[in-house]
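Below is one structure, written out as structure tokens; the observations come after it.
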Amino acid sequence: MKPVTLWAAAGLCLAFGAVPLYAQAPTVFAAGNPGRGAPYPPARMVLPDCPASPLPGNGTPGVPNPAGEPNPAGQPNPANPTDATGTGDAFAQAPEGGTQAAASFDPGLFGDLIGVNGQRVILLPPGVTAHGNFKVLGGNRIAIIAPLPSRGVFKITENEGPRPTDRVFFNYNYFNNVDRLLQGIPGTAADLHRETIGFEKTLLQGDASFGVRLPYLQLTGSKDFEDSHVGDLSLIFKYAFINNRTTGDVLSGGLVLTAPTGQEITVEGESSINSTVFQPFVGFIYHINRDVYFQGFSSLAVPTDARDVTLLFNSIAAGYHLYRAEDPDAILRGVVPVAEIHINTPLNHRGLYSAPLGFSDSVNFTGGAYIQFRRATLGIAAGTPLTGPKPYDLEVSANLNFHF
């Protein structure tokens, strides 16, 4: 894809994400129980010490109105000095201030997936000895069949959380030493770089959202097999069946629809593989207390082509609000370390070198931290496969989410 076309697509994606359709953000309580899930410490209303004065309605200082007669608007209830409305509700909520939006959220997951391994034909330069799965083409050119990462950020957990959120974002992922995928090319050293742009927009007063992701991938190393292409476009539909603004707990579900906008997988003697992938998912956030929470996703990725891989994904993460600003005007709102475990299970075409598409059972670990600001969240993490065969040695990821 030409650079002009790529950046035009990027600008269009961000433009749609920044449409100011104002939806309700998660609630922050001005006064409340400091227990599980309370976003901020309790703040009780303190009334000044003033001489007792007659209250309209009974004429007696400090004596509540007779039963059945409400206090006048704005007058404190003598039976509950913290209740200025006379309603008896000492824990009335206040809507979230605009500058506090990012601080009210538990950050999402970083993710772990390099992609699905698709077979590609790579030509070798003259004089290079091939090993493994190779063939001779016309003109005595030697080629190998190499399984390279395909499809990009189609898994639900890639910079995603169970809670519907208003944001535009940018992700960067670096996968070190993917050369083991290039079986047959001696002395190779290859890395994969992946950038992703996208947005998420809430609907139905913050209980649902619609999102878009578009990845761009570059395989770097020897000039003989360098490659770059736009990955598949993913659309994310999310709905929170439980979206508790008091505790922060969430139970949501939805669908990731991945369209075949990226590079197709060519199969010798057959038609190319260019699947659309349907991925239903469920996700949750549960708070142990005000600072400690767990969140996770389970999903099933089902392609429309039977030659493609069907995958079961299960991920769980733990987060801890190490620092939380008490001043609502502070620029730095919080610091949240996280740890994630990802279990990826192929239901067919099992094996890294399965043709034409393959995937190995894997368990991956990702650890990092989020730094929360008034309107943005910056995340930095590193991860590695815990089981083999490993498609890469180390992943380094960073994401920047702008909340609106």
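Report the local net charge at Pro346: Lys and Arg +1, Asp and Glu -1, summed over other residues whose C-beta lies under 12 Å from its C-beta. My count for the surroundings of Pro346 gives -1.
Largest accessible area first, the residues Ile114, Ile331, Ile197, Ile242 order themselves as Ile331, Ile242, Ile197, Ile114 under a 1.4 Å probe with ligands, DNA and RNA left out. Ordering Val335, Gly283, Thr345 by Cα displacement along the dipole of segment 279-349 toward the positive end leaves Thr345 in first place; charges were set at the Cβ atoms of Lys, Arg (+1) and Asp, Glu (-1). Charges were assigned to the Cβ only: +1 to each Lys and Arg, -1 to each Asp and Glu. The resulting dipole of segment 214-334 about its Cα centre is roughly 620 debye. Normalised by residue count, segment 259-404 yields a Cα convex hull volume of 137 Å³ per residue.
Ser315 sits among other residues whose Cβ lies under 12 Å from its own Cβ, and their net charge, with Lys and Arg +1 and Asp and Glu -1, is -3. Across all directions, the average flat footprint of the convex hull enclosing the Cα atoms of segment 272-320 is 3.9 nm². Sorting 302-311, 320-329 by their mean Cβ neighbour count within 10 Å, with the most densely packed peptide first, gives 302-311, 320-329. Seen from a random direction on average, the alpha-carbon convex hull of segment 202-280 projects onto 7.9 square nanometres.
The values are calculated or read from the model by the stated rules, or taken from the named source; none is laboratory data. Computed from a predicted model, the values in this text were never measured in an experiment. Cβ atoms come from the backbone with ideal geometry, glycine included; neighbour counts cover every protein chain shown. Surface accessibility is based on the protein's heavy atoms, side chains included, excluding ligands, DNA and RNA. Shrake-Rupley method; radii C 1.70, N 1.55, O 1.52, S 1.80 Å.
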